[in-house]
1. So how much slack lies between Lys117 and Tyr163, counting 0.36 nm per residue of separation and subtracting their Cα-Cα distance, in nm?
2. Using Stokes-Einstein with the Kirkwood hydrodynamic radius over Cα pairs, what translational diffusion coefficient do you get for the chain at 20 °C and a viscosity of 1.002 mPa s, in µm²/s rounded to a whole number?
3. Using the 10 angstrom Cβ neighbour count as an exposure proxy, how do Glu105, Glu80 rank, fewest first?
4. How high is the relative contact order of the chain, given as a whole-number percent (alpha carbon pairs under 8 Å, six or more residues apart)?
5. What dipole magnitude, in Debye to the nearest 20, does segment 18-266 give about its Cα centre under +1 on Lys/Arg Cβ and -1 on Asp/Glu Cβ?
6. For Phe73 and Leu185, FRET efficiency with R0 = 25 Å and r from the beta-carbon atoms, rounded to 0.05?
7. In nm, what is the difference between 0.36 nm times the number of residues separating Asp139 and Arg84 and their Cα-Cα distance?
8. When the label point is put 7 Å from the Cα of Lys265 along its Cα-to-beta-carbon vector, which residues of segment 54-79 have a backbone N closer than 12 Å?
Amino acid sequence: MRCFFLLLFILPFFLKGQGTDIELGLTGGTTIYVGDLSGSLSEYSAKDLGYTAGVFFRNNFNKHIGYRIGLSFSHLKADELNRRVPNPRALNFNNDLKQAYILGEWRLVNFSFADEKIIISPFIAAGGMVQLSDPHFRDITYGNIPLRKLGTEGQGIPGYPDYYESYLFSLPVGAGLSVMIKKRLTLTAEIIGNRVFGDYIDDVSSAPVVFNDLLANPRGTNLALNAFISNPTLYPNPSATPYSRGGPAVDWFYLVQLSAGYRIKDSGASRRGGKKGSPCPTFW
């Protein structure tokens, strides 16, 4: 994890003197969570859409290849009561992810218009992302309750796993379309899917739990919030039958976003090979 952050920090300085084009920019958009609490696509509710915003540094080596590093904030959420057919279990979560990432970008083809004043490029991207995760449960009475140390699946109780880590790694892969205007401003629309390595971005997994163990080890308040949030349909009645709150599939989330980047260094690297002086569209 430390090596990942070190790489993000030193890359801009290492390439500062190289013949590359450099951009700084802002990004923003919406998030789509796909996991144990989202249900099937047909059940998905617009109420479960979150939001994302961030800053980035982009370095283009040539007209096709470059990379982007950035810091972002993404709010994920889901509520089983928002489904088309509400789940009476009524679990929910919200998570404010603090993220750092690096993405390699490959512009598949570049369409040039108006003597290269406008360049349109479809692209694909892939890389790595690290995020600080802190899932919460929203309750009418107790407010927004942090879940990681609550142990809703027995974490911290003898015989159960320890608390899950707050840092998560994901593999972002996506595609988009960028428009460069007058060699300085780049506008981008993209969708990035993140495959999370872990199953606790929503605090729900396939781990087996015995409700009586949670009742015997109350946390949060004397009402045993760990037991109530783990399985509201059982609370407060005792049960010795093991259950799982979710399935074995890992969590995913998608970033659907727009960005604007301003070129602070223009070496011409990202336009080499293009045709100049032609009033008609060209591609290269």
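1. Extra length available between Lys117 and Tyr163 comes to 11.1 nm.
2. Values: Rh = 21.0 Å.
The calculation lands on 102 µm²/s.
3. Details: Glu105 24, Glu80 21.
The fewest-first ordering by Cβ neighbours comes to Glu80, Glu105.
4. It comes to 23 percent, rounded to a whole number.
5. 740
6. With R0 = 25 Å, the Cβ-Cβ based efficiency is 0.60.
7. 17.7 nm
8. What the label zone holds, given the 12 Å backbone N cut-off, is 58-61.
Just so you know, all these numbers are worked out from the coordinates, no wet-lab data involved. Because the structure is a prediction, the values reported are computed rather than measured. Reconstructed Cβ throughout: ideal geometry from the backbone, glycine too, with neighbour counts over all protein chains shown.
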